[in-house]
1. Quickly run through segment 135-172 and pick out the residues that are open to solvent by 80 Å² or more (accessible area, probe 1.4 Å) and of a type in the set (Gly, Ala, Ser).
2. Look at residue 87 and say whether it is of a type in the set (Ser, Thr, Tyr), open to solvent by 80 Å² or more (accessible area, probe 1.4 Å) and modelled with pLDDT of 65 or more.
Amino acid sequence: MSEIEMVAAVELEEEKHGGLVKKILETKKDYEKLQQSLKPGEKERSLVFESAWKKEKDIVSKEIEKLRMSIQTLCKSALPLGKIMDYIQEDVDAMQNELQLWHAENRQHAEALQQEQSITDCAVEPLKAELAELEQLIKDQQDKICAVKANILRNEEKIQKMVYSINSTSRR
């Protein structure tokens, strides 16, 4: 492959990776260019560059390790959550079924209550009629008692008048 094709391929690869990998690839590319263009006297500078490259590689390795640990912790934390999410649908379905059962039971009890209410109303109807009749008889008796009391009061008044008139004639 020509150098232009290699550069294009490397750029394409870089687009696929994140910032950390891009950094590593750039460092590697710089190192390879340096190795190709080195002359015998520049070997010492090459060693300095190589040690700097190794330090950077160590730093990148540590960052990768930290990232790996963070991802592992995240996965450990996400696993129970995933299991909970798996059971949520089952729980929702069970709750829906239970709700339907409660609604059906509620309807049955409402119908039974309505039937009992109509039976009670039918049983109470003759008693209500008898009660109304007895109340009317009580009222009639009270009216008769009031009429008799009124008659007694009138008679007492007449007696008082007669006694008064007898007393007044005898005093004269």
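The values are calculated or read from the model by the stated rules, or taken from the named source; none is laboratory data. Keep in mind the model is a prediction, meaning the values are calculated, not measured. To get the accessible areas, we keep the full protein, side chains included, count just its heavy atoms, and leave off ligands, DNA and RNA. Shrake-Rupley method; radii C 1.70, N 1.55, O 1.52, S 1.80 Å.
1. Applying the first criterion (open to solvent by 80 Å² or more (accessible area, probe 1.4 Å)) to segment 135-172 yields 135-139, 141-146, 148-149, 152-154, 156-162, 164, 166, 169-172.
Correct list: 170 only.
2. Working: of a type in the set (Ser, Thr, Tyr): yes; open to solvent by 80 Å² or more (accessible area, probe 1.4 Å): yes; modelled with pLDDT of 65 or more: yes.
So residue 87 passes the test.
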